[in-house]
Amino acid sequence: MQCERWSHENIVLMGDAPATAHFSVGSGTKLALESAIALAGYVHTEPTLAAAFHRYEEERRTEVLRLQSAARNSTEWFEHVERYLHLDPVQFNYSLLTRSQRISHENLRARDKAWLESAEMWFEEQATREKPRHSRPPMFTPFRLRDLRLKNRIVVSPMDQYRAIDGAPTDWHLVHYAERAKGGAGLVITEMTCVSPEGRISPGCTGLYAPEHETAWTRIVEFVHAETDAKIGMQLGHSGPKGSTQLGWEKMDAPLTAGNWPVIGPSPIAWSAQSQVPREMTRADMDTVRDQFVGSATMAARAGFDLLELHCAHGYLLSAFITPLTNRRTDAYGGTLLNRMRFPLEIYQAVRAVWPAEKPISMRISATDWVGEEGITPEEAVEIARLLGDAGVDVLNVSAGQTTMRARPVYGRMFQTPFSDRIRNETGMATMAVGNIYEPDHVNSILMAGRADLCCLARPHLADPYWTLHAAAQLGYRGETWPKPYLAGRDQLYRLASRSDAPPMNV
Ligand SMILES: Cc1cc2nc3c(=O)[nH]c(=O)nc-3n(C[C@H](O)[C@H](O)[C@H](O)COP(=O)(O)OP(=O)(O)OC[C@H]3O[C@@H](n4cnc5c(N)ncnc54)[C@H](O)[C@@H]3O)c2cc1C
Ligand SMILES: Cc1cc2nc3c(=O)[nH]c(=O)nc-3n(C[C@H](O)[C@H](O)[C@H](O)COP(=O)(O)O)c2cc1C
């Protein structure tokens with residue numbers, strides 16, 4: 001609960017009167033006292049009572065919102081505790097302690113170092129299947145999917161670079177992906193790479209539908225494999241109704257100013273008032289797109305990619321089939337969830353048949369449309385996950401939203417992780433969490449609590465390709481491999497990080 005206004009003339013509200021949070025985090029007294037301290041401060045520093053009340057409300061409202069968000073997480077945990085009953089007692093305990101997402105891995109270390117280290121040892125043993133001699137941060141434990149072995153749990157999330165020429169990756173892409181592979185992440189996933197020219201989001205999107213695309217991608221894969229111990233995954237997609245749009249830093253999702261190409265979708269529903277109305281796909285269109293996915297997957301296999309990810313999120317073609325907001329078909333591909341999943345599942349089956357059996361396939365989904373019952377809900381996302389899991393999908397990359405302009409997302413640290421948590425713990429599928437995960441502490445907490453198996457970081461990797469190596473130095477962990485030419489830089493970084501007066505590192 002939160003009042004719209006916290007003061008009236010010379011009356012001001014404090015404590016439980018202006019705002020409350022659910023009691024499962026038990027912070028009402030703290031909140032009330034901190035509010036009282038802040039108010040007292042502003043009454044002395046601000047020129048008028050009205051100004052003091054204004055500053056007080058502005059500052060405390062944010063704190064209250066943070067606590068309410070934590071309380072929501074905590075309440076959700078208790079209300080669905082059966083979701084976690086299968087966890088080992090160590091992980092169950094950790095999950096309980098970190099349920100609000102306000103208490104993190106390092107907070108727990110400060111409170112009980114010995115217990116946290118024993119929990120890390122447990123995690124290590126689960127990851128390696130060997131009795132460990134030392135603990136290490138969970139983010140640096142290995143992970144296996146089919147025959148793919150990842151050295152750690154950090155994934156460079158797919159990020160469109162809008163720098164391709166006629167679908168072909170350029171030197172930009174070589175440098176971009178090479179740098180991120182050198183930076184320590186266990187897995188680098190490419191940007192959404194399109195299965196046909198019309199399937200591109202923008203004229204700058206990469207493709208995998210022409211021989212020169214395969215050649216360029218092969219060069220990138222070979223560099224990553226030869227020079228680093230990172231693995232590289234290919235994200236394949238088709239833009240559907242969100243195709244033929246401007247570059248990311250121009251008008252995102254808006255049609256091109258000239259040279260638009262026709263777009264297709266499950267139903268003739270435009271993304272926005274300005275967008276093209278997609279042509280409703282016929283069965284023949286579906287066959288064509290399915291074959292294009294197969295063609296691209298075959299090229300990706302030849303190029304040597306270690307993992308394939310199908311982009312079924314964010315309102316692009318396969319996602320547009322899944323959500324009822326853009327799928328109004330009355331045939332076998334619309335209506336029930338099973339029908340709406342039919343085409344994405346067909347694509348998956350066709351691609352799985354040509355993708356090497358020893359290599360995994362991931363699917364990225366939007367676990368909510370952020371519009372309530374009218375669209376995909378987190379509950380329905382569990383059903384989606386079950387269907388994909390039963391079909392043999394190895395890992396779900398759990399994103400959210402971007403399926404409608406009407407979405408009202410609730411942002412915050414790790415804001416999409418609860419969807420991954422729910423899917424992983426209700427279906428037993430391996431998941432990747434993504435969305436505003438930016439500190440090593442976030443990653444360690446998510447992994448240790450069993451909320452995901454891998455963590456995808458997007459924007460942090462734009463700001464710092466070496467995010468993982470820097471995180472290792474910050475945590476004093478020496479097990480990560482640095483490129484040999486950079487060893488002198490590593491040594492200096494660790495020396496500086498170990499000094500007690502070292503400023504916090506940019507991770
Ligand atoms: C069962 C329970 C367990 C809790 N556990 C915790 C916990 O573990 N940790 C934590 O931090 N918080 C906890 N809380 C929350 C915490 O108690 C409240 O958030 C906190 O007391 C709010 O302080 P307050 O001063 O705003 O309101 P209150 O403490 O409710 O004070 C309001 C006072 O105003 C008086 N009053 C009401 N009307 C009038 C009137 N007309 N005239 C004169 N006086 C009036 C009331 O009698 C009361 O004494 C718990 C709350 C409950 C109910
Ligand atoms: C520049 C940019 C480009 C992106 N392109 C893609 C993409 O091609 N495919 C995809 O699935 N997600 C894409 N995303 C979404 C990210 O993978 C990620 O889900 C999102 O940014 C949230 O993670 P973050 O908070 O770590 O940035 C993109 C994000 C950014 C910032």
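The values are calculated or read from the model by the stated rules, or taken from the named source; none is laboratory data. Bear in mind the structure is a predicted one, so any value in this text is a computation, not a measurement. In this analysis, Cβ positions are derived from the backbone assuming ideal geometry, glycine residues included, and neighbour counts consider all displayed protein chains. We work out accessible area using only protein heavy atoms, side chains counted, and drop any ligands, DNA or RNA first. Shrake-Rupley method; radii C 1.70, N 1.55, O 1.52, S 1.80 Å.
Here are a few things to note about the model shown:
- Qualifying strands (runs of 3 or more DSSP E) (wholly inside the range 150-240; at least 1 residues being free of Cβ contacts under 8 Å to residues at least 60 places away in the same chain): 187-194
- Hits in the range 24-47 (condition: more than 9 Å from ligand 1 (Cβ to nearest atom), of a type in the set (Val, Ile, Thr) and surrounded by 12 or more Cβ atoms within 10 Å (Cβ to Cβ)): 43
- If you go through the range 209-262 and keep only what is of a type in the set (A, V, I, L, M, F, W, C) and open to solvent by 10 Å² or more (accessible area, probe 1.4 Å), you end up with 210, 216, 223, 226, 247, 249, 252, 254, 256, 258, 261.
- Residue pairs whose Cβ atoms lie under 6 Å apart, sitting 6 or more positions apart in sequence or on different chains, and linking a residue in the range 443-468 that is away from ligand 2 (no atom under 12 Å from the Cβ) to a partner that is open to solvent by less than 10 Å² (accessible area, probe 1.4 Å) and aromatic (Phe, Trp, Tyr), are 448/94; 449/94.
- Considering residues of the range 329-346 that are assigned to a helix (DSSP H, G or I) and within 13 Å of residue 283 (Cα to Cα) only, the residue least open to solvent (accessible area, probe 1.4 Å): 343
- When residues of the range 49-80 are limited to those that are closer than 23 Å to residue 416 by Cα and among the charged types (D, E, K, R), the one farthest from the chain's Cα centre (by Cα): 61
- Among residues of the range 427-439 that are over 18 Å from residue 85 (Cα atoms), those with a beta-carbon under 6 Å from a residue that is open to solvent by 40 Å² or more (accessible area, probe 1.4 Å) and within 10 Å of ligand 2 (Cβ to nearest atom) at least six positions away or on a different chain give the pairs 436/413.
- With respect to the conditions (1) out of contact with any Leu (no Cβ under 6 Å at 6 or more places or on another chain); (2) near ligand 1 (Cβ under 10 Å from one of its atoms); (3) open to solvent by less than 70 Å² (accessible area, probe 1.4 Å), residue 21 lacks only one, and its number is (1).
- Taken over the range 393-439, residues that are of a type in the set (A, V, I, L, M), under 22 Å from residue 188 (Cα atoms) and out of contact with any strand residue (DSSP E or B) (no Cβ under 6 Å at 6 or more places or on another chain) amount to 1.
- Test for residue 417: is it closer than 17 Å to residue 126 by Cβ and within 15 Å of the chain's Cα centre (by Cα): no
- From the options 63, 59, residue that is at pLDDT below 95, over 30 Å from residue 428 (Cα atoms), within 16 Å of ligand 1 (Cβ to nearest atom) and not in a loop (DSSP other than H, G, I, E, B): 63
- Within the range 312-328, considering residues that are of a type outside the set (S, T, N, Q) and part of a loop (DSSP other than H, G, I, E, B), the one surrounded by the fewest Cβ atoms within 10 Å (Cβ to Cβ): 328
- Of the residues making up the range 272-281, one or more are touching a Ser or Thr at 6+ places or on another chain (Cβ under 6 Å), closer than 26 Å to residue 324 by Cα, of a type outside the set (Lys, Arg) and modelled with pLDDT of 95 or more.
- Note on the range 352-365: residues that are under 27 Å from residue 284 (Cβ atoms), free of Cβ contacts under 8 Å to residues at least 60 places away in the same chain and not charged (D, E, K, R) amount to 5.
- Some residue of the range 13-25 being part of a helix (DSSP H, G or I), modelled with pLDDT of 90 or more and more than 16 Å from ligand 2 (Cβ to nearest atom): no
- The condition (being within 20 Å of residue 465 (Cα to Cα) and within 13 Å of ligand 2 (Cβ to nearest atom)) is satisfied by just one residue among 153, 163: 163.
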